Amino acid sequence: MLTAIWQRGGFLLALLAGATLARAEGDVVRLAPRPNVTLTSHYLSRPDATATVVLLTGGGGNIGLTDGEPRSTNFLIRSRQRFFEQGFNVFALGRPSDHTELDGVFRTSAEHLEDLRSVVRFLKESAGKPVWLVGTSAGTLSAAHGAIGLEDAIAGVVLTSSITSFQVTGAPARQALERVRVPVLVMHHRQDACRHSLANGTSWIMRGLSAAPVKKLVMVDGGHDPTGPVCEPLHWHGFINMEDEAVAAIAEWIRHPTSAPVAGNNP
């Protein structure tokens, strides 16, 4: 039986599978996906949600949880309120207690898949809405791995700023993408200069998704004033200063997954 712990302010609230609980915005959720492992994440929920998005961050997988709120500058984490305003429940996945960094080996492991499975199960039992995995940068390794292993449990996958270099362990194009049988959106910034995620490498991902019922590549070119290293979230790699447009395009596609152009696909 799945057990979760909600932390709201100074109180801990336990939830058993199948139970219901009214939640305030911005709850800390602790799951026990594997023996002696705790997975601490952040959950924004709304009663009128049409779907739930699981945000999978890049880098080492740190969401920067401080005083009950994620404070990472990662594109997905800093945009979580925007996903919420688009009508989704938003689950920002944290790191499991047995790993301080999520590398490519772990992101493509059976243990990580079990963590993702426990999250999806929890969200479907508690909210009853379709679950989408949304990854960015190194988080696309996790999202692709989940798409392959959880196809019967998730509604689809969104890959943003995908790792396209074959030199990176677990890069999506190195995974068995031909086994993905859910809709996939690949969104990339045309000016992404990170050597691990060059835009022209997205063609390998699209080619690998041979069995996906719907797949779409959206190449965007917007935003302004990128700062810091080109592989960091405040540069084009992180859709800087075009978060509203990027999230709106993702949300529209989740609502209507198609290979045809969608509103806002060129933010």
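The values are calculated or read from the model by the stated rules, or taken from the named source; none is laboratory data. Owing to the predicted nature of the structure, the values given are computational and were not obtained by experimental measurement. In this analysis, Cβ positions are derived from the backbone assuming ideal geometry, glycine residues included, and neighbour counts consider all displayed protein chains.
Points worth noting:
- Residue under evaluation Asp152, criteria (1) among the charged types (D, E, K, R); (2) more than 15 Å from the chain's Cα centre (by Cα); (3) assigned to a helix (DSSP H, G or I), criterion not met: (3)
- Residue check for Thr136: at pLDDT 95 or above, over 17 Å from Thr52 (Cα atoms) and either of a type in the set (Ser, Thr, Tyr) or touching a Phe, Trp or Tyr at 6+ places or on another chain (Cβ under 8 Å) (or both): no
- Restricting Leu13, Leu56, Leu31 to those that are out of contact with any helix residue (DSSP H, G or I) (no Cβ under 6 Å at 6 or more places or on another chain) and either crowded, with 20+ Cβ neighbours inside 10 Å or modelled with pLDDT under 95 (or both) reduces the list to Leu13.
- Hits in the stretch 99-116 (condition: under 28 Å from His237 (Cα atoms) and not acidic (Asp, Glu)): His99, Thr100, Leu102, Gly104, Val105, Phe106, Arg107, Thr108, Ser109, His112, Leu113, Leu116
- Of the criteria (1) closer than 18 Å to Arg82 by Cβ; (2) not in a helix (DSSP H, G or I); (3) not small (Gly, Ala, Ser), which one Ile250 fails: (2)
- Verdict on Ile205 being crowded, with 21+ Cβ neighbours inside 10 Å and not in a helix (DSSP H, G or I): no
- Looking at the stretch 73-132, the helices (runs of 4 or more DSSP H) lying wholly inside it that each contain 1 or more residues that are aliphatic (A, V, I, L, M) and touching a residue at least 24 places away in the same chain (Cβ under 8 Å) sit at 75-78, 104-107, 110-127.
- Residue match in the stretch 158-165 (condition: of a type outside the set (Ser, Thr, Tyr), under 19 Å from Ser259 (Cβ atoms) and outside any loop (DSSP other than H, G, I, E, B)): yes
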